[in-house]
1. Over the whole of A:286-294, what's the average partner chain Cβ count within 10 Å per residue? Rounded to a whole number, please.
2. Can you list which of the trypsin sites (Lys or Arg not before Pro) found in segment A:207-260 are DSSP loop residues with at most 12 other C-beta atoms within 10 Å?
3. Cα-Cα over 27 Å: which of A:103/A:177; A:42/A:151; A:42/A:153?
4. Shape of segment B:1-136 from its Cα gyration tensor (a ≥ b ≥ c, root eigenvalues): rounded if a/c is under 1.5, otherwise prolate when a/b > b/c, or oblate?
5. Using alpha carbons only, how many degrees (0 to 90, rounded to 10) separate the axis of helix A:107-120 from the longest principal axis of chain A?
6. Where in chain B are the DSSP H helices whose C-alpha atoms run 20 Å or more along the long axis and whose mean Kyte hydropathy is at least 0.5?
7. Which distance in Å, rounded to a whole number, links the C-alpha centroids of segment A:232-305 and segment A:84-132?
8. Could you tell me which residue out of A:278, A:4, A:183 lies farthest along the dipole of chain A toward its positive end? Charges go on the beta carbon: Lys and Arg +1, Asp and Glu -1, centred on the Cα centre.
Amino acid sequence: MTAVLFDNVSRYFGAVRAVDRVNLEIAEGEFFAMLGPSGSGKTTCLRLMAGFEQPTGGHIEIFGETAEGVPPYRRSVNTVFQDYALFPHLSILDNVAYGLMVKGVGREERRRAAEDALAMVKLPGYGTRRPGQLSGGQRQRVALARALVNKPKVLLLDEPLGALDLKLREQMQEELKTLQKSLGITFVFVTHDQGEALSMADRIAVFNEGRIQQLGSPEEVYNRPQTRFVADFVGSSNVLSEDLCRRLGLKASFASLRPEAVAIAPPSDGALSLSGTVASQSFLGATNRIVIDVEGARIAVASPAARGVPAVGSPVTISFAAHDLHPMEDA
Amino acid sequence: MRSEKANSAPLGLKIAAAAGLAFMHLPILLIFLYAFTTEEKSYQFPPPGLTTQWFAVAWNRPDVWAALTLSVKVASIATAVALVLGTLCAAAVSQTRFFGRETISLLVILPIALPGIITGIALRSAFSMAEIPFSFWTIVLGHATFCIVVVYNNAVARFRRISGSLIEASMDLGADGFQTFRYVILPNIGTALLAGGMLAFALSFDEVIVTTFTAGQQSTLPIWMLEELIRPRQRPVTNVVAMVVVMATFLPILGAYYLTRDGDQIAGAGK
């Protein structure tokens, strides 16, 4: 079943087209990421799902029910906010039980449900504390418990890991994924971190300037970017110009080429090759990033660190398999 | 950082601070002292003798009771009006954006910036043009103009500190507008409203200028006191009343102080 459906949805703020004719269909139980730079419209899309914004045009359905005009408190959707938005005047237990309290669930029952939810996010026994006494990572878990205790059909996460440090982020990524699989709830999360989207999501929608540039699995988005924007934003692919494409026998006006698909070596059978000079190099740990100047065009190569690095200025030949060169739309 | 050395301010500064405090508070003690004097026509120092008879005299004077009741009623109702309207206005200005928002904000604050005499004259001429007779309600209206400002200022400052996502979070979790107000907004602005309400009550309670223009023949407590000072008869009764008022207002102020002290900690806990 379709969990969330956007049919030609737009949201304008005055002359600004925050969301511009977006179509998407999120399946039930899917872990869906909306990826894009700030101001790309991904958060507005999330707010349209939550009901904090109403579309200027188009149609939204949540589990088959029309969502336009339905206020946030009548949607079976819950949100984990970027700043967590925990109620500072309530204890952790009352924060988590808030949704049940306003629905009129009895005191004993909601206390039990809230304690279960806290145990689920690995914060058992934290109920009596106040939000101000918890660390950022703990508040994040409380926000998650507070949303999940309502058993939403769709859980919306707005940059949920943005405020956490790297180590905690990676840990939470794992936990979120496990949690989503075990609960089977549809997760829709917004992020500007491409690594996060690639590692967690079942499918990714890449946003730019209010429109979806590409929608697909992490592998598709990463390996076969359809537009220059996606190629650049998701993992910084090389974008080959029309000139180079034609020289390589390709009809497209632009093509993408992942740095790790390129080797500094003469071509083997059937491989394509170009020659140029080494423009710069930098050590990245597992790989070296070597930029080759091919008649003015710059092509980045991710070369395994174990291999030797040619000196800057020296002539080299680079080669890559024809199927690694992906033609793109002109955008 | 706080260090032990912070305790040793220069002697001159200590004396100056003590003198400043004494200048502010000794006159209040003098008021108390003259409530017990045996001399009723002038305030000569030192008082020729001490007596408690003025307490009985004040208790038995109906004009004292009339003025006191009127003032308490006016201040209570003006404060209640201000709490409702000031909070609504603060919510509108701080939570939404609309055309003329800054203008409305300015117009609401203006009555406290205007000299009381201007507000008084303006209200008086407005009342007479609209042929509204002076009554209890004309005083309440006059006082509400500046009481709203105090509540509004307190509430707007607190509203700004409430992160907008708190209200969205509440709605998201299933609370409608009323529930969100009851369970999220009110607990977070409660202490600000209490402080604003106390201040509004105090402002209304001792207001003279606007009242003289809007009260007609009625006497609120401060106007009654002014009249008493002109009349050289049973003067210490005024002091007795002043003393009782100071003592009666001291308790709620103390209470509000402790309440807001805790409240600020909660509100200061952030998002």
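1. Details: counts 0, 0, 0, 0, 0, 0, 0, 0, 0.
Per-residue shielding by partner chains comes out at 0.
2. Working: sites: A:211, A:228, A:246, A:247, A:251; in loops: A:251.
Loop-located and lightly packed - A:251.
3. Numbers: A:103/A:177 29 Å; A:42/A:151 24 Å; A:42/A:153 20 Å.
With Cα atoms farther than 27 Å apart: A:103/A:177.
4. Working: a/c = 2.72, a/b = 1.23, b/c = 2.21.
Cα axes put segment B:1-136 in the oblate bin.
5. 20 degrees
6. Details: long enough: B:11-34 (33 Å, 1.91); B:62-95 (49 Å, 1.44); B:136-161 (37 Å, 0.86); B:186-205 (27 Å, 1.52); B:236-268 (46 Å, 0.96).
In chain B, the long hydrophobic H runs are B:11-34, B:62-95, B:136-161, B:186-205, B:236-268.
7. 53 Å
8. Value computed over the given set: A:183.
Rule-based calculations on the coordinates, nothing more; no lab input. The model shown is predicted, which means the values in this text are computed figures rather than measured ones. Positions of Cβ are backbone-derived with ideal geometry, glycine not excepted, and every protein chain shown enters the neighbour counts.
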